[in-house]
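The numbers here are math on the coordinates, done by the rules we state, and not lab data. Quick caveat, the model's predicted, so the values are computed rather than measured. Backbone-built Cβ (ideal geometry, glycine too); neighbour counts: all protein chains shown.
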Amino acid sequence: MTLWTDNYRESGKCLCCQSTNRHRQIAYVLCNALTEKFSVPVHALPNLLRGHGNNLAIYNTETRGPVHDQLRRLPNYVCSEYFGPDRAPGEMVNGIRHEDLQQLSFADGIFDVMLSSDVFEHVPDPYLAFREVHRVLKPGGRHIFTVPFHQTEFRDDVRAVIEHGEIRLLKEPIYHLDPLRPEGILVYTIFALEMLVKLDEIGFRTYMHLLYQPRLGILGNNALVFEAIKT
């Protein structure tokens, strides 16, 4: 691995697959979910996916990165990016599918797993998006995701909203790096315990995994992954 920095989530890059700590966290929870689904040990998972990939539908909200690279050969794998409000849901842009998480183009109940890594904080109405996720998941389907999360706060920190089609800043803006936007992407919400209550109201049973697996390159005090299961 490359050297770790003060930002543990985004460092410790693997020299083989290029995964960072955050990528490995998502992959770890995904592997555990699939081994539970298929009742196999984790070391049998690669062979199982090659044999049963037709029975597994996964939707990933990004079209690049090490997790995407490992999943993209599965026959029922779908991935997308967001290219702005002027695009139609499901439209192809330079060969890449456009999806707005607040208005997904998919039919009801078609995915076993949805993956999103530090995405929902950039959605103007994240709970509308969570309801869309619930809609497109099969019963028992899982949304495995990471978001910025205040573990000791009760209320979400809403930093910006959309009013009359325009962004209204409520607090000093925060921008995250984004591979599609050199200027960065605005953070609308930093989540807190309120998120777990609202996910329950939508119809999810949500687990909060605080991970520590040093031998797998998963460490730091913010190795937090959520697994929301459609009940």
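Only residues that are over 15 Å from Ala27 (Cα atoms), more than 16 Å from the chain's Cα centre (by Cα) and not small (Gly, Ala, Ser) were counted across segment 209-231, and they come to 2.
Condition check for Ala88 on (1) of a type in the set (A, V, I, L, M, F, W, C); (2) part of a helix (DSSP H, G or I); (3) exposed (fewer than 15 other Cβ atoms within 10 Å of the Cβ): one failure, at (2).
Residues that are part of a loop (DSSP other than H, G, I, E, B) and hydrophobic (A, V, I, L, M, F, W, C) were ranked within segment 142-186; the one that is farthest from the chain's Cα centre (by Cα) is Leu170. Among residues of segment 104-124 that are in contact (Cβ under 8 Å) with a residue 60 or more places away in the chain, those with a beta-carbon under 6 Å from a residue that is part of a loop (DSSP other than H, G, I, E, B) at least six positions away or on a different chain give the pairs Asp112/Leu56; Asp112/Ala57; Phe120/Val147; Glu121/Val147; Glu121/Pro148; Glu121/Val187; Val123/Leu101; Pro124/Tyr188. If the condition is being at positive phi and either in contact with an Asp or Glu (Cβ under 8 Å, 6 or more places away or on another chain) or aromatic (Phe, Trp, Tyr) (or both), then segment 161-207 contributes only Gly184. Note on segment 187-208: residues that are without any contact (Cβ under 8 Å) to a residue 40 or more places away in the chain, over 16 Å from the mean Cα position of the chain (by Cα) and closer than 22 Å to Ala33 by Cβ amount to 2. A single member of Arg22, Arg50 is part of a helix (DSSP H, G or I) and touching a strand residue (DSSP E or B) at 6+ places or on another chain (Cβ under 7 Å), and it is Arg22.
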